[in-house]
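Notes follow the structure.
A short reminder: the numbers here are calculations on the coordinates, not readings from a lab. Keep in mind that this is a model prediction, so the values were computed, not measured. Cβ sites come from the backbone with ideal geometry, for glycine too, and all protein chains shown count toward neighbours.
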Protein chains: 2
Amino acid sequence: MAEQTLPAGECYDYPLLIKKLLGTALLYAADQEIVYRDRFRCSYRDLNRRIHRLAGGLSSLGVKEGDTVAVFDYDSNRFLECFFAIPMMGAVMQMVNWRLSAAQIEYTINHAEARVIIINGDFLPLLAQIRERLTWVEKIVVIVENEVPQECGLTIDAEYESLLAAAADTYNFPDLDENTKATTFYTTGTTGDPKGVHFSHRQLVLHTLSLAIALGSYETIGRFRSNDVYMPLTPMFHVHAWGLPYVATLLGTKQVYPGRYEPEMLLRLIVTEGVTASHCVPTILQMLVTSPAARQVDLSRWKVIIGGAKLSTGLAAAAQELGIVVYTGYGMSETCPVISLSTPKTTMLGRLNDDQLLNLVVKTGLPIPLVEFEVVDLDGTPLPHDGVSVGEVVFRAPWLTKDYFKSPAKTRELWRDGWLHSGDVGHIDADGYLQVTDRIKDVIKTGGEWISSLDLENCISRHPAVLEAAAIGVPDDKWGERPLLIVTLKPDQQSAVDSDGLREFMAEAARQGLIPRYAVPERILLVEQLPKTSVGKLNKRAMRKEFS
Amino acid sequence: MAEQTLPAGECYDYPLLIKKLLGTALLYAADQEIVYRDRFRCSYRDLNRRIHRLAGGLSSLGVKEGDTVAVFDYDSNRFLECFFAIPMMGAVMQMVNWRLSAAQIEYTINHAEARVIIINGDFLPLLAQIRERLTWVEKIVVIVENEVPQECGLTIDAEYESLLAAAADTYNFPDLDENTKATTFYTTGTTGDPKGVHFSHRQLVLHTLSLAIALGSYETIGRFRSNDVYMPLTPMFHVHAWGLPYVATLLGTKQVYPGRYEPEMLLRLIVTEGVTASHCVPTILQMLVTSPAARQVDLSRWKVIIGGAKLSTGLAAAAQELGIVVYTGYGMSETCPVISLSTPKTTMLGRLNDDQLLNLVVKTGLPIPLVEFEVVDLDGTPLPHDGVSVGEVVFRAPWLTKDYFKSPAKTRELWRDGWLHSGDVGHIDADGYLQVTDRIKDVIKTGGEWISSLDLENCISRHPAVLEAAAIGVPDDKWGERPLLIVTLKPDQQSAVDSDGLREFMAEAARQGLIPRYAVPERILLVEQLPKTSVGKLNKRAMRKEFS
C-alpha cells in the first residue's frame, strides 16, 4: 500500500503529483469512456491499466527518472496516456509541435535532450530527415495506425501497442518531489531559437484544480463539469491542450479525441459522441460554423472556449446563432497556459443584455482563482483599473514556467521584479477584466505613456466614413513617439470627411473618456490603400518604414 | 505592488497562502454581501477593508508573526474576519470551543501559548474564572454586542470595533512560507488532556480548492456554487466550520452568520436571506425539521451537509419530505476536516431509486479529490473493497494535521506507516464508498479479524421480532474475542422466535454475504431490557462488564 513506510509519528508529506489526479478519476468514474475517433474506446479503468503498461514498457526501454520522452502524435488516447504515464514515472514528457520545420524540431529535441521518441507512423518521414543529427535519442517507439512507409531507413525499437501488451498491468509509480519537472515544450517567436518552457507536477496539479473551479464552481455561462463530454480542438502538443485533458480526467468526464482535424469527422464526433465542451483557435471555429454540414447538426449543447487569437464579435455572434456558447480563454505557452476566462461574474448574470454579453465574451477575461495580473508602466508600477490606461501585462500564478530551459538571458527578460512579463499590452477595467490590445512591439510609446494601436483603430472605425485604419508610432523629438493614424474611407464616403474632421472625431472620443487625451494623433493620413502582408494582415513594419 | 522585489530572471515562487483566496473573492464578488443576523451587513469589499483594519489593530496591540490569537465568538462576520486577518499576518488563529469546561479552556489556551484573546462580551464571566492562570495572555479584545458585565474584574485592552476604527485601511500582509501555521484548536477525547491540532496556509488552501471542486464541479445532488447563499450551522470554532467559510469566500457567495443558534432566528434567516447551503450535526437538523415553524416556511431550496454523528435514514427521509437535500460529510478534527461526501457519482444519477439514494446519502462517503483512504487490518494491510471487510480507517490528504502540538507520544499513535489512523473502523464497498461502523474501542476483534458491532446490530434488527440489539465482544480463549448479541423482542413478538432462531437468521445473512461468516455469534442472549446510559445510549461498558 504505502510506497514508503514511515516510522510512527512521522506524517505523510503529501506531494501534489499527477498520479493523485488519476487516483481521484478512478474513484469517481471508473466506467466512463475515453474515445479515439471511430477506432478505439476504453473505460478509465482500462486507461489506468494502459498507463501502467506504458510506464512498464518505457521502463523496459531504459527510461528512468529525469529522462525526457518526446511525443509526436495527433490528439488521441495514446497522447492522453503519455500525459500521465511519462511524468508519473518521474520522466519528462516533451510535446512536439509537428507543424514546425524539420530544423526547428531537430533543435527542440536536441535542446530538450530527449532520449526516447514516441511517434505516429505518419511522421516517420519527417523524423527520417533529422534522425542522424538527434544526438541524445536512443530509442524510437512507433504508433502504427496507417501504413508505415517501409523506406524510412529508421531503426524502430518498439511498436506502441506491442510495448503495452508485453508490459505488466501494474507499475509502481514513485512518490516524487512535487517540484519534479513533468512536461516541456518549445515556444517559437518571430526571431531567435525556440524557447523551452517546462512545468512541474505541483504546477500542473494546481493549474488543474484552479481551472476546474473556474469552469465548474462559478455559476455563469459555458460551464464544464463532470456530466460534460470533452473533445479538444487545440492540439495536445499545444500547451497540454490548455490543460483541459487533466481537468477532464479529474472530473471523470467522457473524453473524445479526434485525431487529425477533419471538419466532417469533428462534426460527426460532436453528434455521435454527444460532445458538449471544446476549445480551439478562432480559425477552427470559423471553419466549423461556416461548414455547410454545421447547418445540418444540432450544436446547441456545445460550449467552446476560444484562445490563441482574438475572438471577434462577428465570429462570436455567428456561433451564438447556431446555439453554441463561446467565450475567450487567455494564456501563453509560459503560463501552462490558462490565466483568464471571459465569462460574466455570477453577480452580472441577468443584468447583461445580448450586446453587453457579446462584448464581454470577446474580452481577454477575469483571472482564474489564484492568478494575479496587472498592467504596468515601464517602471513596473501598476496602472489604474480604469479600462483605458495601457501597460504591459504581468502575471503571478502557481503555474508559470520558472525559466526558459538553459536560456538565462531570455529568462531575465521574462521574469522581472517578481512578475512574469507577458510581452502583451492592454488595460484592465473597473470590474477586473483584462483586454489585451497589442503585442508590446506594436504599441506606441509617447512621453512615458503607452497607446494601444488597437484602441486607436477601434475608435476611428466607429466613424461612419472609415473603411480601414492602422495606427503606428512615428519618431518624435519631444515625446519619443507620437501616434499616426493611416485611414482609408468607404468608396461612397470619399468626400464625407477630411483629416481635420477625423482628428476632431478622435478629440471628442478623448473628451468622452474612450481614449486618453495624449492618444489623440496630431496627424491622420488619408490613403487609397493600406499596405498588407501576403496573408492579408496589416503590414505595420512597412508602414513604419514608409511614414516615419 | 510586489511585496518583495526580485532580481531579473528570478521567478516568483508562488506560495499557497490564505490571502490569495481572498484576492480571488474580491475580483469575483466585491459587491456580494456578508450578513450577521439582523444586525450587520457589508460587502466583500468592506470585509476586505475590515480584515486589513483588524490586522492593523492587532499589530498595534503587539501581535507579530508566530503569535497565537485565541478567538471566542458566536458565528459572525467578526469570526470570518479573524479567519483571514490573523493567519494573513503570519499569526495563528486559535478557535476556542466555549462549550468546554473552564478548566479545559484554560488548559488549551495555555498549551497553545496564546498571547491575545478576542472574546465576545457574553463569555467574559467564563474568562474571569481562569484569567489569572492564563500564563501567556497579554491582551484582551472584547466584542461588545450585548451588555458587558461590569463586575468581571478583567483588564480589557481594546474593544473590537474601536480597534478596527482606529486602524488604517490597508495592512501590508507578508508573503509567508506556505507551511506557516495558520490555525489551531483542540480536540477532546473521553480520556486525557485535549490535543492540539493545527493547519498551515498550504493545507487550508488545498482543502478549500478540493472541497470547492467536490461541491461544484461534479454534477450530482446538493451542489454548492457561487450563486448559493451560505449559512453555517456548525460552530466556526469547530474545525473552521468544516472549512466552508473559506470555500464560500473563494466562490464569492453571499454569506449569512447566525450568531447564537436559536431555531426561530435560524429559520427566519433562511427565509429572509434566501439561505440555500448549510451544514450541521443531526441534532440541529432534527431540531429544525421538528420545529412547528419549519412547516410554515419553504425549505425546498435548502441543501444541508450532515456530519459529526451518523445521519439516520429516518432523519434524512424527514428532511427530504420538507424538500431539503441532505447528505453526509465526514472528517475529524485532525483532518481539517473534510475527507468524504456521500453524494452519488455523476454516472449513478438517474440510476438510483429513492430508497437507493436514501441509503447512499447516509453512508460515510466517497473521498473528495486528492484524498486517499483505506481500511486496514492490524498489520496495516489494506482490506478488499467488498463492503464487508472491516478494518481501521486510515487517510492521506494534503491537509491532515502533521502532529498533535507538543504531544509526540500521541502523534506516534496518530501517524503510523505514513497513514493517519482515524480510530474509526468501517468498510469500503466496490464503488469506493466508505461506511464507518464503530469507534475502534467498540469493535469486536476475533482471530485477527474485526467485526463491526453496528453491522451485527443492523443485521439482527431486520428480523421482524427484534426490538433492540447490542453487539459486544466477549473474551474467548481461542479467538481472543467472540461476538455476543444481546437482544430485546417487541412486546407482541415475545414468543415468535428464540435464541436458536435468531442465530439461524444471522447464519442465513452470512450465507447471503451480508456479514462475514466469522461474524455469526455463537451466543445470542434474549433479555428484558438493555443497559443504557443517562442520555439513553447503549451502555456497552456496562454490558461488557455484566456479560463477559
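Inter-copy label distances at residue A:407, shortest first and taken from points set 7 Å along Cα to Cβ: 5.4 nm. Note on the protein assembly as shown: dipole from Cβ charges, positive end direction compared against B:156, A:279, A:297; the farthest Cα belongs to A:297. With the largest listed first and rounded to whole Å, the semi-axes of the equivalent ellipsoid of region A:32-195 from the Cα gyration tensor are 24, 19, 15. Once you treat every alpha carbon in the protein assembly as shown as an equal point and sum by Debye, what is log10 I(q)/I(0) at q = 0.09 Å⁻¹? Debye intensities relative to I(0), on a log10 scale: -1.15.
Helices in chain B, meaning DSSP H runs of at least 4 residues, each add -39500 (n - 2.57). Divided by all residues, the mean residue ellipticity at 222 nm is -9000 deg cm²/dmol. Looking at the protein assembly as shown alone, DSSP beta bridges between its own residues are antiparallel in about 60 percent of cases. Proximity of backbone amide H atoms, modeled 1.01 Å from N, is registered between residue A:539 and A:532, A:533 at under 5 Å, excluding neighbours fewer than 5 places apart on the same chain.
Here residue B:495 yields copy-to-copy label distances, from shortest upward, of 12.1 nm, the label point defined as 7 Å from Cα along Cα to C-beta. Sorted fewest first by neighbouring Cβ atoms within 10 angstrom, A:82, A:152, A:459 come out as A:152, A:459, A:82.
Taken over the C-alpha atoms, chain B has Rg and Dmax values of 25.1, 88 angstrom.
A Cβ-based charge dipole, computed about the Cα centre of chain B with Lys and Arg at +1 and Asp and Glu at -1, lands at about 220 debye.
Reachable lysines from residue B:445, Cα under 19 Å, same-chain residues fewer than 8 places away excluded? Qualifying lysines at Cα under 19 Å: B:478, B:540, B:545. Rank A:467, A:428, A:454 by how far each Cα sits towards the positive end of the charge dipole of region A:417-492 (+1 on Lys, Arg Cβ; -1 on Asp, Glu Cβ) and give me just the farthest. So the residue furthest toward the plus end is A:467.
Taking 20 Å as the straight-line reach from the Cα of residue B:195, the aspartates and glutamates in range (excluding those fewer than 8 positions away in the same chain) are A:10, B:67, B:106, B:113, B:334, B:403, B:413, B:424.
Percentage of Cα-Cα pair distances in region A:443-547 greater than 25 Å, rounded to whole percent?
Values: 846 of 5460 pairs.
Of the Cα pairs, 15 percent sit more than 25 Å apart.
Charged neighbours of residue B:444, selected by a Cβ distance under 13 Å, balance to -1 (K, R count +1; D, E count -1). Beta bridges per DSSP, both residues in region A:32-195: antiparallel share near 20 percent. Take residue B:423, push a point 7 Å out from Cα through the beta-carbon direction, and compare it with the same point in every other copy: 5.8 nm, smallest first.
Using Cβ point charges alone (K and R +1, D and E -1), the dipole size of region A:418-502 about the Cα centre works out to roughly 140 debye. Each Lys and Arg contributes +1 and each Asp and Glu -1, all at the Cβ; summed about the Cα centre of the protein assembly as shown, the dipole is approximately 300 debye. Neighbours of residue B:349, meaning other residues whose beta-carbon lies under 13 angstrom from its beta-carbon, give a summed charge of +3 when Lys and Arg score +1 and Asp and Glu score -1.
Applying the criteria of a DSSP loop state and at most 15 other Cβ atoms within 10 Å to the trypsin sites (Lys or Arg not before Pro) of region B:73-150 yields B:99.
Here region A:378-453 and region A:246-289 have alpha carbon centers that stand 32 Å from each other. Think of chain B as a dipole: +1 on every Lys or Arg Cβ, -1 on every Asp or Glu Cβ, centred on the Cα centre; then among B:357, B:142, B:440, B:142 lies furthest on the positive end. Within 13 Å, Cβ to Cβ, of residue A:277, how many net charges do the neighbouring residues add up to if Lys/Arg are +1 and Asp/Glu are -1? My count for the surroundings of residue A:277 gives +2.
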